[in-house]
Amino acid sequence: MILVVADHDRGVLDATTGQAVTAARALDPQVDVLVVGAAGRDTAAELASYGASTVHLAVSDSLTDYAPLASARAAVELVGRLSPAAVIATGTPRGNEVLAHVASILDVPFAADCQQVTIAAPAHEVVRNRWGGNLLETAKVHSDVLVASFSPHAVRAEPAEGAGTVAEFAPVLADADTAVRVVDRVGEGAAGVGLAEARVIVSGGRGVGGPEGFTVLEELADLLDGAIGCSRVVTSNGWRPHNEQVGQTGTKVAPDLYIAAGISGATQHIAGMRTSKTIVAINTDKDAPIMGYAHYAVIGDLHTILPALVAATRAAKE
Ligand SMILES: Cc1cc2nc3c(=O)[nH]c(=O)nc-3n(C[C@H](O)[C@H](O)[C@H](O)COP(=O)(O)OP(=O)(O)OC[C@H]3O[C@@H](n4cnc5c(N)ncnc54)[C@H](O)[C@@H]3O)c2cc1C
């Protein structure tokens, strides 16, 4: 049996959780899923649609929102009870954080950002991303239970029939386990399509020139029912909020269409969008590294090209 730790935000599953359940099914047909917090109760049906057998719902008065150590305690309690061959999550910030705690409590290694996993004795084998995906490392992991996260989008989520039976339990938690937890959220709620789930992303880099330059990107994103993304230079300059950053230290995305406008294609940016199905690069520099990844390249000034794209898209929709 494989135990998957679900990543959800107040009851909404992260779009990559289905990928973790699918990856786990390839290792063992029985996949149980841990969902932490009563808000996650309604995720059972969606998890079942990816083949989850039992959804273990950890409920406690102190589990009001995301709490990494408490989530790990709940996972470790299940490991003691169910003896899974592996504990798996997708390598989202929350997934990696919880599994790091799980591995620490169990005193076993943690293999993060895997592309492939093979459960075996005397050592498990993992193929994982290093250097932002520029290098694939094959490694042996010596531990009874394998604790591993899959890189987001390393596996495509495939539907399967699972029972999705909900088994509620109250994990044993100390006060210190919820010392780090989300207590409040400030700032604007994300409007429109979320970056991680967007089928179309219109992304801007330094070449956009400033915050006001993003107006035309927003217009195009709206017309294509897409989301805005950006490079780290853009968030570091305060032109756009951090939650729009794509890359190694931002969100990892794999939309159907990724439009990179005025983005050079540094390895740290590519690490977050290289699995996009179609990449369109708009850049004045024909030798920019992004061109090595682009399916379509438009060599020119984005301030001319994007308004033309907006006009053409608007005309096509009329
Ligand atoms: C530890 C670490 C983590 C990092 N994580 C990330 C990350 O998660 N995401 C990320 O993006 N970066 C990340 N970076 C930063 C990364 O190395 C690059 O500095 C950054 O991605 C560059 O952003 P950019 O492409 O917008 O800017 P630049 O590299 O400056 O590129 C600007 C591009 O715009 C083009 N351009 C200029 N004017 C125009 C115009 N008018 N029309 C069309 N094209 C134009 C230029 O030709 C150029 O190619 C990280 C760096 C480090 C060290």
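The values are calculated or read from the model by the stated rules, or taken from the named source; none is laboratory data. Note that this is a predicted model, so its numbers are computed, not measured. All Cβ positions, glycine included, derive from the backbone under ideal geometry; neighbour counts span all protein chains shown.
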Considering only the range 62-74, I want to know if a residue exists there that is part of a helix (DSSP H, G or I), without any contact (Cβ under 8 Å) to a residue 24 or more places away in the chain and either in the same structural domain as GLU97 (by TED's automatic domain parsing) or in contact with an Asp or Glu (Cβ under 8 Å, 6 or more places away or on another chain) (or both). no
Do we find a residue being farther than 21 Å from PRO152 by Cα, among the hydrophobic types (A, V, I, L, M, F, W, C) and crowded, with 24+ Cβ neighbours inside 10 Å anywhere in the range 48-56? yes
So ILE228, is it in contact with a His (Cβ under 6 Å, 6 or more places away or on another chain) and either away from the ligand (no atom under 13 Å from the Cβ) or among the acidic types (Asp, Glu) (or both): no
Total residues in the range 210-219, condition surrounded by fewer than 21 Cβ atoms within 10 Å (Cβ to Cβ) and either modelled with pLDDT under 95 or touching a strand residue (DSSP E or B) at 6+ places or on another chain (Cβ under 8 Å) (or both): 2
Looking across the range 18-42 at residues that are of a type outside the set (A, V, I, L, M, F, W, C) and under 14 Å from TYR66 (Cβ atoms), the single one that is surrounded by the most Cβ atoms within 10 Å (Cβ to Cβ) is GLY40
Does at least one position in the range 298-309 carry a residue that is more than 9 Å from the ligand (Cβ to nearest atom), at positive phi and not in a strand (DSSP E or B)? no
For the range 128-169 the number of residues that are within 18 Å of the chain's Cα centre (by Cα) and part of a strand (DSSP E or B) is 7
Go through the range 237-266 and give me each residue that's modelled with pLDDT under 95, near the ligand (Cβ under 9 Å from one of its atoms) and not in a loop (DSSP other than H, G, I, E, B). THR251
